[in-house]
1. Please arrange TYR97, TYR32 by counting, for each residue, the other beta carbons lying within 10 Å of its beta carbon, fewest first.
2. Just to confirm a number: summing +1 for Lys and Arg and -1 for Asp and Glu over residues other than VAL86 whose beta-carbon lies under 9 angstrom from that of VAL86, what do you get?
3. So what J values fall out for region 119-134 if you push phi through Karplus, 6.51 cos²θ - 1.76 cosθ + 1.60 with θ = phi - 60°, rounded to Hz, Gly and Pro as x?
4. What is the spin-label model distance, in nm, from LYS39 to ALA114 if the labels are put 7 Å beyond Cα along the C-beta direction?
5. Can you return the lysines within cross-link range of LYS102? Criterion is Cα-Cα under 21 Å, with same-chain partners fewer than 8 residues away left out.
6. If you take every residue apart from GLY75 with its C-beta less than 11 Å away from the C-beta of GLY75, what net charge results, scoring Lys and Arg +1 and Asp and Glu -1?
7. Only residues of region 68-85 count here: report those whose backbone N is under 15 Å from the spot 7 Å along Cα→Cβ of MET105, or say none.
8. Which of VAL51, VAL67 comes first, and how do the rest follow, when ranked by fewest Cβ neighbours within 10 Å?
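Derivation of every value follows stated rules applied to the coordinates shown; laboratory data play no part. If you're wondering where the values come from, they're calculated on a predicted model, not measured in any experiment. Every residue, glycine as well, gets a Cβ built from its backbone with ideal geometry; the counts of neighbours run over all protein chains shown.
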Amino acid sequence: MQYFIKQAAAAAAFALASSFAINGAQAGANDYQFELVSKELKAGAPSEITVRLVHKPDGKPVPDAVVFTTRLDMGPDGMEDMATPVQKLPGGEPGTYRFKAKLSMAGGWALSLAAKVQGEPDTVQGKLILKAVP
Ligand SMILES: [Cu+2]
């Protein structure tokens, strides 16, 4: 009887440790957040989009991350199929990352981003909503 209790306790402890390990991995990437620097963008013309990558626990911008966009589309306005290419621009203040895109239509656009941060094994992911004005 004693043996079975020990087994059950060990299994429970293992399950707990496993779930901690999974949460721990997510917490790493979740420590980072993308913020939109340029709030309103002009529709119809090529616009510069600047984002900032922030380490949430201390609120500091994260320089030297490899930031790439995965998609820019009008999902927020129910037009997921309406996507536009995004070009990466060099430079910018440390911790900010610049892109260029032509938002062909006024309305809400979703910019999907990913980043590789030094010392963080998980890819940081985020989605920002942009507003293109006529
Ligand atoms: Cu549209």
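1. TYR32, TYR97
2. Summing Lys and Arg as +1 and Asp and Glu as -1 gives +3.
3. Calculated HN-Hα couplings, in order: x, 10, x, 7, 7, 7, 10, x, 9, 10, 9, 10, 10, 9, 9, x Hz.
4. 3.1
5. Answer for LYS102, where 21 Å is the Cα cut-off: LYS39, LYS42, LYS88, LYS127, LYS131, listed by chain and number.
6. That sum, taken over residues with Cβ under 11 Å, equals -2.
7. Once the point is set 7 Å along Cα→Cβ of MET105, 72-85 turn out to lie under 15 Å by backbone N, inside region 68-85.
8. VAL67, VAL51
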